[in-house]
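S.K.: This is the structure, below, for whatever I ask next.
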Amino acid sequence: MNDMTPTREQRTAALEGMGCKRKRVEDIRFTQGKGSYVDDLKLPGMLHGDFVRSPHAHARVKSINSEAALKVPGVLAVLAAETLKTVNLAWMPTLAGDVQMVLADGKVLFQNQEVAFVVATDRYAADDGVAKVVVEYEPLPVIIDPFKAMDKDAPVLREDLVGKTSGAHGPRKHHNHIFEWTVGDKDLTDAAFRKADVTIKEMISYHRVHPSPLETCQCVCSFDKIKGELTIWGTFQAPHVIRTVVSLIAKLPEQKIHVISPDIGGGFGNKVGAYPGYICAAVASIVTGKPVKWVEDRIENLTATSFARDYHMTTEIAATGEGRVTGLRVHVLADHGAFDACADPSKWPAGFFNIVTGSYDFPTAHLAVDGIYSNKAPGGVAYRCSFRVTEAAYCIERAMDILAQKLKMDPAELRLKNFVKPEQFPYHSALGWEYDSGNYHTAMRKMMETVKYAELRKEQADKRAAFKRGETREIMGIGVSFFTEIVGAGPSKNCDILGIAMFDSCEIRMHPTGAGITRVGSKSQGQGHETTWAQIIATEIGIPADNIMVEEGNTDTAPYGLGTYGSRSTPVAGAAIAMAARKIKAKAQMIAAYKLEVHEDDLEWDIDGFRVKGLPEKTISMKDICWAAYNSVPPGMEPGLEAVSYYDPPNMTYPFGAYICVMDIDVDTGVYKVRRFYALDDCGTRINPMIIEGQVHGGLTEAFAIAMGQEIRYDEGGNVVTGSFMDFFMPTAVETPHWETDFTVTPSPHHPIGAKGVGESPNVGGVPAFSNAVNDAFSFLGSTHIQMPHDYWRNWKAAKALGAVA
Ligand code: CDP
């Protein structure tokens with residue numbers, strides 16, 4: 001070896017593979033304003049569509065008159081339900097097995113529901129046309145409070161379902177009932193409660209919020225009448241699923257539909273489902289023969305295309321006097337709005353809410369979820385969480401704090417006492433999941449030591465004494481949260497969407513010069529897939545990440561994949577990438593053996609190529625193997641170096657984390673200050689620590705927003721009163737607290753590279769940490785549970801109700 005020969009460390013570093021803080025390659029274009037988003041697309045002759053929307057939450061549509069609108073210069077067409085009926089598209093199926101109106105058919109069921117679609121030569125003309133469409137409504141009684149939806153005299157919302165005693169998920173108990181879903185052992189759980197020394201019961205609400213990505217939902221549809229082909233560019237988190245859904249509902253052959261997701265400015269679950277805008281733009285393009293663009297504005301996004309949460313969770317825990325949990329009983333009232341359009345895997349009407357036993361070893365549990373209709377927007381999307389997991393984590397983490405309060409135990413100690421122990425993994429939960437790996441005690445203790453937990457509790461006790469003496473008007477809260485996520489939907493035995501198993505896919509093509517392209521079935525909305533997918537390949541096959549181009553989002557070129565949401569990309573697509581890379585490596589080994597004139601078994605892998613066992617100077621690099629693949633492969637072998645992998649994971653992955661929030665609240669104003677927020681995440685093998693940190697920062701910021709103010713709120717008449725960023729809390733850098741991040745590494749035993757997802761975790765674990773901090777502060781004044789969101793005004797109201805403010 002001469003001085004110029006790179007060391008093993010230098011060869012490893014040159015790859016920028018897994019574990020490297022590789023800079024995000026996509027940021028080169030994003031930071032220069034060179035991203036290519038749907039709204040950047042301008043096609044010759046392109047038309048623009050805009051919706052007439054309902055001002056009422058519930059009303060009969062008596063008539064729609066478009067005469068005046070059609071006279072507006074530039075307006076070419078006005079679509080209404082009657083028009084869509086001619087092509088059988090007035091209603092569309094939802095992912096949850098329900099149907100949804102594309103345009104109001106006889107009545108409207110939520111404020112801002114789509115009533116008519118105006119198509120014009122430009123967006124302004126379309127808007128002017130919208131203003132001229134005359135709709136006659138007859139208002140009907142409204143249901144906003146989910147607890148009133150199943151009252152005897154509650155108005156019938158879904159007239160299309162009258163007389164239907166069962167739906168996609170079994171029997172319906174009432175005309176506004178959608179499904180009841182139960183899991184667990186009721187008798188055993190009831191018995192645990194009868195025997196318990198201590199029980200708690202609380203109705204814990206997780207209010208309605210919205211993912212509100214900066215880029216709203218949008219599309220451009222272009223129908224080529226000659227070829228009979230439809231091309232759709234759209235903000236789709238799951239482009240292949242959109243292609244299949246369009247094929248099924250529009251009865252177009254799937255090969256004649258091209259779906260392209262260009263750069264996406266955030267999704268957070270909002271861009272998974274199919275919305276009326278997509279259907280109307282496609283129909284308008286078919287009718288006019290021109291490309292049609294539809295771009296939602298902010299108010300439309302917040303009020304019409306999906307929502308998240310709206311879960312009302314009556315939660316009971318049974319425990320021994322020493323604080324050992326013995327049973328969990330949860331009933332959820334799930335408000336789905338006007339149509340059940342939840343984006344869950346088909347068999348799971350309440351998503352993976354049965355992860356509600358959390359990180360604790362409950363011997364028995366029982367869960368019942370009732371889904372109901374109300375006069376609110378449909379959706380129920382997984383807002384930066386795996387299907388309903390954030391609701392479950394919030395439910396159990398609040399309940400554990402409430403139990404600690406009743407037992408007069410420290411909440412961290414109660415958690416440590418009840419954690420699933422390392423030797424119990426793989427752990428079978430009482431509600432049916434098999435947790436792959438975890439080391440909860442280590443994570444919790446690391447968190448407690450880092451933040452000096454005991455000292456914080458001492459400081460809190462001193463502050464409480466000072467408050468009692470009248471020396472301060474501030475109360476201090478310490479919010480502990482320990483969460484277990486379930487991500488990576490999913491194994492085909494558990495998960496499908498419309499019958500399609502939730503696998504994911506990767507294709508790798510290596511070129512002769514040692515560069516390559518990989519196409520993946522996932523679709524980044526900002527998570528940095530172009531950076532990290534190349535890192536997996538770099539480590540697996542020893543080609544520098546910079547030499548691998550990553551492409552996603554084009555259904556004509558990428559292999560079929562189920563898309564990106566619920567942190568499934570790393571657990572599923574990431575595994576497909578590793579498996580495809582291993583196929584490349586296996587072929588490369590045969591070529592290497594031929595070139596080095598040895599048997600394959602005499603070769604061993606060495607960072608970026610193969611070497612002959614026992615003869616370290618006899619090597620061939622992967623770069624040279626790529627060249628050889630195109631000119632000197634072993635006799636009988638096909639030339640080229642490509643591989644495809646479709647990966648059906650054997651199980652989900654179960655990342656976890658220990659979070660703590662320290663907060664002071666001024667009782668006279670309700671103003672809070674987040675003094676400290678520490679987040680320890682364990683997502684197994686870490687591909688890119690810098691990207692993970694960015695994911696955690698983003699998710700914590702959303703968690704902060706949700707817990708401390710973000711809310712989609714309706715008044716009694718069904719008007720959305722938080723329909724813009726003036727009212728819907730969207731934190732900026734000014735309000736956002738400082739985040740301290742940390743980690744432990746417990747690899748997934750079944751994932752090819754041991755990685756678990758991470759993108760969702762901070763939203764899931766962050767919300768209970770904030771809410772527990774507020775509740776911990778107020779517990780000192782005698783409260784048990786205060787519902788989110790905890791904005792200044794509500795904090796002040798709580799202080800007043802508890803007698804702390806005159
Ligand atoms: O599905 P989604 O991309 O939203 O979530 P994810 O699988 O949690 O990945 C988010 C980002 O974090 C991706 O760029 C991953 O490659 C990266 N990541 C990582 O570097 N290491 C992990 N163990 C998990 C995710």
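Bear in mind these aren't lab numbers, they're just calculated from the coordinates by the rules spelled out. Keep in mind that what you see is a predicted model, and the values were worked out from it rather than measured. Don't worry about glycine lacking a Cβ; one is built from the backbone with ideal geometry, like all the others, and counts go over all protein chains shown.
S.K.: Between residue 413 and residue 254, how many nm apart are label points set 7 Å from Cα along the C-beta direction?
M.R.: 5.8 nm
S.K.: A further question follows. Label region 225-309 by shape, choosing from rounded, prolate and oblate, from the square roots a ≥ b ≥ c of the eigenvalues of the Cα gyration tensor; if a/c is under 1.5 it is rounded, and otherwise prolate applies when a/b is larger than b/c, oblate when it is not.
M.R.: The shape class here is prolate.
S.K.: Pairs of Cα atoms under 8 Å, at least six residues apart: use those to get the relative contact order of the chain, whole percent. Present the calculation step by step, with values, prior to reporting the outcome.
M.R.: Numbers: 2023 pairs, mean separation 124.5, N = 806.
About 15 percent, as a whole number.
S.K.: Only Cα pairs under 8 Å and at least 6 apart count here; give the relative contact order of region 395-509 as a rounded whole percent.
M.R.: This gives 15 percent for region 395-509.
S.K.: Right, here's the next one. Which order do the peptides 276-284, 223-231 take when ranked by the mean count of other beta-carbon atoms within 10 Å per residue, highest first?
M.R.: 276-284, 223-231
S.K.: Something else: Explain nothing, just the number: relative contact order of region 328-441, from Cα pairs under 8 Å at least 6 residues apart, as a whole percent. Mind dumping the intermediate values first?
M.R.: Numbers: 178 pairs, mean separation 35.0, N = 114.
It comes to 31 percent, rounded to a whole number.
S.K.: Sticking with this one: Please report the net charge: other residues with Cβ closer than 12 Å to the Cβ of residue 516, K and R +1, D and E -1.
M.R.: Neighbour charge sum, excluding residue 516 itself: -2.
S.K.: For n ≥ 4 DSSP H runs only, could you compute -39500 (n - 2.57) per run for the chain, divide by its residues and tell me the 222 nm figure to the nearest 500?
M.R.: Details: 19 runs with 218 residues, N = 806.
For the chain, the value works out to -8500 deg cm²/dmol.
S.K.: At residue 493 and residue 320, where each label point lies 7 Å from the Cα along Cα→Cβ, what is the point-to-point distance in nanometres?
M.R.: 3.3 nm
S.K.: Taking a ≥ b ≥ c as the square roots of the Cα gyration tensor eigenvalues, with a/c under 1.5 meaning rounded and otherwise prolate when a/b beats b/c, else oblate, which class fits region 523-577?
M.R.: It comes out prolate by the Cα gyration axes.
S.K.: Using per-residue counts of other Cβ atoms within 10 Å, averaged over each peptide, order 381-392, 783-794 from highest down.
M.R.: The most tightly packed comes first, giving 381-392, 783-794.
S.K.: Hey, another quick one. Take the alpha carbon gyration tensor of region 28-105, find the square roots of its eigenvalues, order them as a ≥ b ≥ c, and report rounded if a/c is under 1.5; if not, report prolate when a/b exceeds b/c, else oblate.
M.R.: Oblate.
S.K.: In addition: Let's test the formula: R0 of 51 Å, r as the Cβ-Cβ distance of residue 452 and residue 121. What FRET efficiency results, to the nearest 0.05?
M.R.: Values: r = 65 Å, r/R0 = 1.28.
Computed FRET efficiency for residue 452 and residue 121: 0.20.
S.K.: Computed from the mean reciprocal separation of all distinct C-alpha pairs, what Kirkwood hydrodynamic radius does the chain have, in Å?
M.R.: After inverting the pairwise mean of 1/r, the radius is 28.0 Å.
S.K.: Related question: Can you tell me the order of 24-30, 80-86 when each peptide is scored by its average per-residue count of other Cβ atoms within 10 angstrom, highest first? Before the final figure, lay out each step's value.
M.R.: Numbers: 24-30: 14.9, 80-86: 16.7.
For the peptides 24-30, 80-86, the packing ranking is 80-86, 24-30.
S.K.: Okay, next question. Take the residue pairs 251/523; 347/756; 406/493 and return only those whose Cα atoms are more than 29 Å apart.
M.R.: Pairs exceeding 29 Å: 406/493.
S.K.: Next question. Find how much the distance from residue 557 to residue 42 grows on full extension, using 0.36 nm per residue of separation minus their present alpha carbon separation; answer in nm with one decimal.
M.R.: 183.2 nm
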